[in-house]
Amino acid sequence: MHRRRAHPNAAPHVFELRPGDIVLLPAAGARVSSGCSVEVLGVYRDSTPLPDGRVLAPEGPPDVVVLRAPAPGDSTVRLTTGDPFRATASRELSVIVR
């Protein structure tokens, strides 16, 4: 299993994964629009664990989508970016799991 974190400005429109991979994408939401090679595990707010066990998390809308690639195949994921309460934008991401 590989974990990857995509940079907001470098996230490609085609993403290639292997079965078992988990990817963190900078987005406020996601929906699998076709295929079954990936699943959305959740949408979260980015945070940082501190050495004393506390978690430092800024206020605001969600900004991280977690995808998992359970099986080989092709899927299309629609990512929503921007502030979900104001101006949003969406784009499609093609995911190939080999």
Residue 74 meets each of (1) at pLDDT 95 or above; (2) not aliphatic (A, V, I, L, M); (3) not in a strand (DSSP E or B) with one exception, condition (3)
All conditions in (1) within 20 Å of residue 15 (Cβ to Cβ); (2) without any contact (Cβ under 8 Å) to a residue 24 or more places away in the chain are true of residue 33 except (2)
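Filter region 24-63 down to the residues that are of a type in the set (A, V, I, L, M), in a loop (DSSP other than H, G, I, E, B) and modelled with pLDDT of 90 or more and list them by number.
From region 24-63, those of a type in the set (A, V, I, L, M) are 24-25, 27-28, 30, 32, 38, 40-41, 43, 50, 55-57; that's our starting set.
Restricting the remaining residues to those that are in a loop (DSSP other than H, G, I, E, B) gives 27-28, 38, 50, 57.
Scanning region 24-63 gives 27, 28, 38, 50.
Quick one: in region 36-85, which of the residues that are on the phi > 0 side of the Ramachandran plot and free of Cβ contacts under 8 Å to residues at least 24 places away in the same chain is surrounded by the fewest Cβ atoms within 10 Å (Cβ to Cβ)?
Per the criteria, the residue is 53.
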All conditions in (1) outside any strand (DSSP E or B); (2) modelled with pLDDT of 90 or more; (3) of a type outside the set (Asp, Glu) are true of residue 11 except (2)
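The values are calculated or read from the model by the stated rules, or taken from the named source; none is laboratory data. Values in this document were obtained by computation on a predicted structure and should not be read as measured data. Neighbour counts are summed over all protein chains in view; Cβ atoms, including those assigned to glycine, are modelled from backbone coordinates with ideal geometry.
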